[in-house]
Each structure stands twice: as C-alpha cells, then as structure tokens.
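*Asks:* Attaching a single structure in structure tokens format; questions to follow.
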Amino acid sequence: MSAAQIVVIAKEPVAGRVKTRLTPPFTPAQAAHLAAAALRDTLHAVAAARAGRRVLALEGLPGTWLPDGFTVIPQRGDGLDQRLAAAFDDAHRLYRLPVVLIGMDTPQVTPQLLNTAVTLLAGHDAVYGPAADGGFWLLGLCRPDPSLLLGVAMSRPSTGATQLRRLHEAGLNVARMPELNDVDTAADAFRVAAQAPRSRFAAALAAVGAAAAAVDSG
C-alpha cells in the first residue's frame, strides 16, 4: 500500500454553481456538463493511481460520476483557503497518512503524474504543482498544518507564489511537479482538451460545441 492518500476537493457539478467563468460562451447547463466530465476524468485518474486511500472532499452530494473506492467527506469553511486547510486536516485525521490534494480543474491529469507526486512526497516534506494561471493544481503535505494554507489569497495570479513561499518559510523541503493548465475559461477548456484528446472532458467539449453549432445553424 502507498504511504500517501490522494484527496480530490470538488463541487457537485450543478448548473449555475460550477464553472461559472465558462458562461458565456457556454450555458450554465453546458458548463456543468463540462465540470462533470472533468470531475470524472480526475476521479478515474486517482482511482488508477497508487494511493493508500482515496478521499473526495465534496461540496454537495455524490452522484453516479463517483467511482468505487472513495471516502466522501464534506467540505468545511468559507473561503477556499479555509476549505483546503480543512480538507487536509479532515483527511489526515481520518487516515493518518500524508496527503496529496488536487482539484477538479485538471482533467488532463494522469495516474502517472499522481504516482510521481506520491513518490516525491515520500522523500520530501511537501510537493507543489504550479498552474499556468499563477495558482497551483496539486499540493502534497507529509504533515498537514492549517497554518500553511490559512490566509493565502486564492484565485489570484500571485496565489501559487504566495503558497510556495509559505511552504519555504515553514522550513519545508519542497519538490516541484510539472506545470499544468487549469480549466477556468473557455480558452483553457479548448487548450486542455487538445492536451488530452481522449479524455471524457475532450469528448464533452466536442459535444457541447456540436450542440452550440446546431443551435446557431438552426
């Protein structure tokens, strides 16, 4: 069994509550459809990775998109920094294992990338995966501590640099993962789909685009 657990922090893909930056050009229902596909890709990558445990920190209710083998815990907190800190803390209290945490915004993630993060965490205090928008797509901690995350301003171009600095200031030995693109905007969606053309997300984006084209031509 792996020495680390993998935690996915996500929202239930409900229209009007997820991927709101995709609207426009997509409708809320289409954005939710894309979010569901991204979540499925992420969860199935985690399911295929080497992990001691698999946890979903969820805002909302689980659906048919959730594969077997996951423990579901509710999210806690108001801001994203609080929710991330709580997800680390709750998962670590539940299973006394190091935590590798990712979101639902990188459907191009692979089991191999997650295995690399787990392996790196075995020899480092933390693992950090930068996102192209200035945030981060992955964070792994051997010994989760809420103070490492609380107060970090999220969803800003400086978020990743601030979080990485917080880890270094705590004296942690940090390993870095490759940079990935988050899916926040329509441009991001098309870029990520091109990077993972066989993914559920790419198929969902193609279907949404075909539906939009049919509406326009009609």
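*Asks:* Express in Å², to the nearest 10, the accessible area of residue 19 obtained by rolling a 1.4 Å probe over the protein heavy atoms while all chains stay in place.
*Replies:* 40 Å²
*Asks:* Please list 3J(HN,Hα) in residue order for segment 141-157, calculated via the Karplus relation 6.51 cos²θ - 1.76 cosθ + 1.60 where θ = phi - 60°; whole Hz, with x for glycine and proline.
*Replies:* Residue by residue, segment 141-157 yields 9, 5, 10, x, 9, x, 5, 6, 10, 4, x, 6, 6, 8, 6, 10, x Hz.
*Asks:* For segment 84-95, in order, what is each residue's ³J(HN,Hα) by Karplus, 6.51 cos²θ - 1.76 cosθ + 1.60 with θ = phi - 60°, in whole Hz (x at glycine and Pro)?
*Replies:* 5, 4, 5, 4, 4, 5, 5, 5, 6, 5, 6, 10
*Asks:* Give the residue from 132, 146, 119 lying farthest towards the positive end of the charge dipole for segment 114-218; charges sit on Cβ (+1 for Lys and Arg, -1 for Asp and Glu) and the dipole is referred to the Cα centre.
*Replies:* 119
*Asks:* Here's another thing I want to ask about it. In Å and on Cα atoms, what radius of gyration and Dmax does segment 118-166 show?
*Replies:* 10.9, 30
*Asks:* What FRET efficiency comes out for the pair residue 195/residue 158, r = Cβ-Cβ distance, R0 = 35 Å, nearest 0.05?
*Replies:* 0.90
*Asks:* Under the rule of at least 5 residues apart or a separate chain, name every residue whose amide H is placed under 5 Å from the amide H of residue 56.
*Replies:* It is 8, 71, 72, 73, by chain and number.
*Asks:* Counting other Cβ atoms within 10 Å, keep those with at most 10, restrict to DSSP loop, and tell me which trypsin sites (Lys or Arg not before Pro) in segment 55-136 are left.
*Replies:* 96
*Asks:* On average, how much accessible surface per residue is there in the chain, in Å², for a 1.4 Å probe, leaving out ligands, DNA and RNA?
*Replies:* Dividing the accessible area of the chain by its residue count gives 45 Å².
*Asks:* With a 1.4 Å probe and all protein chains left in place, how much of the accessible area of the chain comes from carbon and sulfur atoms, in whole percent?
*Replies:* 53 percent
*Asks:* Would you mind checking which residues have amide H under 5 Å from residue 50's amide H? H placed 1.01 Å from N; only 5 or more apart, or other chain.
*Replies:* When sequence neighbours closer than 5 places are left aside, the close amide H contacts are 115.
*Asks:* Rounded to a whole number of µm²/s, how large is the Stokes-Einstein D of segment 6-118 at 25 °C and 0.890 mPa s, given Rh as the Kirkwood radius over C-alpha pairs?
*Replies:* 171 µm²/s
*Asks:* Something else: How much mean residue ellipticity at 222 nm does the chain get from its helices, if each DSSP H run of length 4 or more adds -39500 (n - 2.57) and you divide by all residues, to the nearest 500 deg cm²/dmol?
*Replies:* Calculated from helices alone, the mean residue ellipticity at 222 nm is -13000 deg cm²/dmol.
*Asks:* Right, here's the next one. Is there a quick way to get the dipole size of segment 20-78? I mean about its Cα centre, with the Cβ of Lys and Arg at +1 and of Asp and Glu at -1; what is the value in debye to the nearest 20?
*Replies:* So the dipole magnitude of segment 20-78 works out to roughly 180 debye.
*Asks:* Going toward the positive end of the dipole of the chain, with +1 on Lys and Arg Cβ and -1 on Asp and Glu Cβ, which of 87, 107, 48 do you reach last?
*Replies:* So the residue furthest toward the plus end is 48.
*Asks:* What span do the alpha-carbon atoms of the chain cover on each of the three principal axes, reported in whole Å from largest to smallest?
*Replies:* Ordered largest first, the chain gives principal extents of 60, 36, 30 Å.
*Asks:* Which translational diffusion coefficient, to the nearest whole µm²/s, is obtained for segment 14-72 from the Stokes-Einstein equation, given a Kirkwood hydrodynamic radius over C-alpha pairs, 4 °C and 1.567 mPa s?
*Replies:* 104 µm²/s
*Asks:* If you wrap a convex hull around the C-alpha atoms of segment 107-218 and split its volume per residue, what is the figure in Å³?
*Replies:* 109 Å³
*Asks:* Then there's this: Highest GNM mean-square fluctuation, the chain, Cα pairs closer than 10 Å: which of 138, 56, 66?
*Replies:* 66
*Asks:* If you fit an axis through the alpha-carbon atoms of helix 200-217 and take the longest principal axis of the Cα set of the chain, what angle between them do you get, 0 to 90°, nearest 10?
*Replies:* Here the helix axis deviates by roughly 30 degrees.
*Asks:* Starting from segment 127-218, pick out the trypsin sites (Lys or Arg not before Pro) whose DSSP state is loop and whose Cβ has at most 11 other Cβ atoms within 10 Å.
*Replies:* 198
The values are calculated or read from the model by the stated rules, or taken from the named source; none is laboratory data. Since we're looking at a predicted model, the values are computed, not measured. Cβ atoms come from the backbone with ideal geometry, glycine included; neighbour counts cover every protein chain shown. Calculation scope for accessible area: heavy atoms of the full protein, side chains included, ligands and nucleic acids excluded. Shrake-Rupley method; radii C 1.70, N 1.55, O 1.52, S 1.80 Å.
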